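Here's the structure, in structure tokens; my notes come after.
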Amino acid sequence: MRVYSGIQPTGRKHLGNYLGAIRHYVTGQEQAWAAGDEAIFCVVDLHATTVAYDPRELRDRTYDTVALLLAAGLDPERSILYRQGDVPEVPELTWLLTAVTAHGDLNRMHQFKEKSAQQRELVSAGLFLYPVLMAADVLAFRADRVPVGDDQRQHIELMRDIALRFNARFGATDGGEPREILRVPEGVYPTVAARVMDLQQPEKKMSTSSGSVEGTLYLLDEPKTIEKKLKRAVTDSENPPVIRRGPDKAGVSNLIDVLAAATDRTPDAVEASLQDARGYGDLKAATAEAVVALLRPIQERYAELRGDEAAIEAALAVGAEKARALARPVVADVREAMGVGPRRR
Ligand code: AQP
């Protein structure tokens, strides 16, 4: 059971990234370790170049993200942690996979539609091809499970289609089932807090590139800032206030989900525990307390790790070597099946 996931080194990572993805990387790491298989995690610096960005900052943001992943519990002894740009097999596979990717499918991607609308100067071809690069990331490692937040469902479905189409086109056998040259992976989504919403605009997901600073809980926010942002979180005007989830209660539902995820309870248990609350203030205070407690050890560990960039580079170099050793034979199989380069002996 091989696990794979990637995260962008853009901006400041937020609670949505943690509850929707990072904490499940650690679970995936432990499951793969117990099963004697690999868990592979990537800081996707090449993906970060698909929108306007500052090249002077990219490397620093990569170090931030690596330090955060280590602080959250990724252990290079138990999993492979590498930087996307260090593994050239992946962009090569991206190009090869474009042969079985439909232009129309890429055009339908929500993320492409949203992010291309935000670009002021250039909608890059890289932004359009983003999902193919993401497919290559995962498929290069023949991963089985991909822990991601709910916003990545469409990309995961496309990745599965690309793998199936590749096998059907290039793995065809005489009359039999196509060979599984590429493994068809499955997305693994959290049961609670799969989509953490913005505190100020709870109908929109918490996000790095859109949304407000006030609506976003950053993983490195001070406890006082977390309390303040949660105190000001948008709820609703139901009178008397009722702490329950519902389609008409986006803000309250989001707080219940965050509190449930932060305290490892179900949303139903959280609702029941707040039956006698005086109002939304109690829900906000309980959520702030839980989030501060959840993030404290990560923040402490991050502060210890982030300063030593040489150690981070050294860890990434080890990860890149292991990642390349796994990706190389897969890309060689793909080239062979596609008739690219010399025949393999
Ligand atoms: N709001 C969210 N709730 C749950 N999971 C989320 N993820 C992102 N937002 C939420 C998950 O975090 C992982 C890493 O995502 P990314 O590499 O896209 O990192 P990001 O750029 O920081 O994520 P954003 O905020 O979603 O960025 P923009 O604004 O650029 O779109 C993924 O598994 C993702 O599902």
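Here Asp150, Asp144 are screened, and the one residue that is open to solvent by less than 60 Å² (accessible area, probe 1.4 Å), among the acidic types (Asp, Glu), away from the ligand (no atom under 16 Å from the Cβ) and more than 17 Å from Thr50 (Cβ to Cβ) is Asp144. Of the residues that sit in segment 190-200 and are buried (at least 19 other Cβ atoms within 10 Å of the Cβ) and within 9 Å of the ligand (Cβ to nearest atom), which one is farthest from Thr266 (Cα to Cα)? Going through the qualifying residues, I end up with Asp198. Scanning segment 99-115 for residues that are surrounded by 15 or more Cβ atoms within 10 Å (Cβ to Cβ) and either outside the structural domain of Leu164 (by TED's automatic domain parsing) or of a type in the set (Lys, Arg) (or both) turns up just one, Lys115.
Residue-by-condition table, conditions (1) open to solvent by 30 Å² or more (accessible area, probe 1.4 Å); (2) assigned to a loop (DSSP other than H, G, I, E, B):
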{"residue": "Ala272", "(1), (2)": "yes, no"}
{"residue": "Asp276", "(1), (2)": "yes, yes"}
{"residue": "Ala303", "(1), (2)": "yes, no"}
{"residue": "Lys322", "(1), (2)": "yes, no"}
{"residue": "Ala327", "(1), (2)": "no, no"}
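Filtered by the rule that a residue be open to solvent by 10 Å² or more (accessible area, probe 1.4 Å), among the hydrophobic types (A, V, I, L, M, F, W, C) and more than 6 Å from the ligand (Cβ to nearest atom), segment 1-24 gives a lone residue, Met1. Of all the listed residues (Leu127, Leu96, Leu122), the sole one being aliphatic (A, V, I, L, M) and either under 19 Å from the mean Cα position of the chain (by Cα) or crowded, with 22+ Cβ neighbours inside 10 Å (or both) is Leu127. Filtering segment 92-128 to residues that are free of Cβ contacts under 8 Å to residues at least 40 places away in the same chain, within 16 Å of the ligand (Cβ to nearest atom) and outside any loop (DSSP other than H, G, I, E, B) leaves Phe112, Lys113, Ser116, Ala117, Phe128. Of note, Asp137 does not satisfy the criterion of being more than 17 Å from the chain's Cα centre (by Cα), open to solvent by less than 70 Å² (accessible area, probe 1.4 Å), acidic (Asp, Glu) and at pLDDT 95 or above. The condition of being more than 16 Å from the ligand (Cβ to nearest atom) and open to solvent by 20 Å² or more (accessible area, probe 1.4 Å) holds for only one of Glu186, Glu157, Glu177, that being Glu177. The requirement of being part of a helix (DSSP H, G or I), within 10 Å of the ligand (Cβ to nearest atom) and more than 30 Å from Thr287 (Cβ to Cβ) is fulfilled somewhere in segment 25-47, by at least one residue.
The residues of segment 60-72 that are more than 14 Å from the ligand (Cβ to nearest atom) and either in contact with a helix residue (DSSP H, G or I) (Cβ under 8 Å, 6 or more places away or on another chain) or on the phi > 0 side of the Ramachandran plot (or both), listed by number, are Tyr63, Ala67, Leu70, Ala71. Suppose we keep only residues that are open to solvent by 70 Å² or more (accessible area, probe 1.4 Å) and in a loop (DSSP other than H, G, I, E, B) within segment 201-225. Which one would you say is farthest from the ligand (Cβ to nearest atom)? Residue satisfying both the conditions and the ranking: Glu222.
The values are calculated or read from the model by the stated rules, or taken from the named source; none is laboratory data. Just so we're clear, the structure is a prediction, and the values are computed from it rather than from any experiment. As a convention, Cβ positions derive from the backbone with ideal geometry for all residues, glycine included, and neighbour counts pool all protein chains shown. Remember, those area values only see protein heavy atoms, side chains included, never the ligands or the DNA or RNA. Shrake-Rupley method; radii C 1.70, N 1.55, O 1.52, S 1.80 Å.
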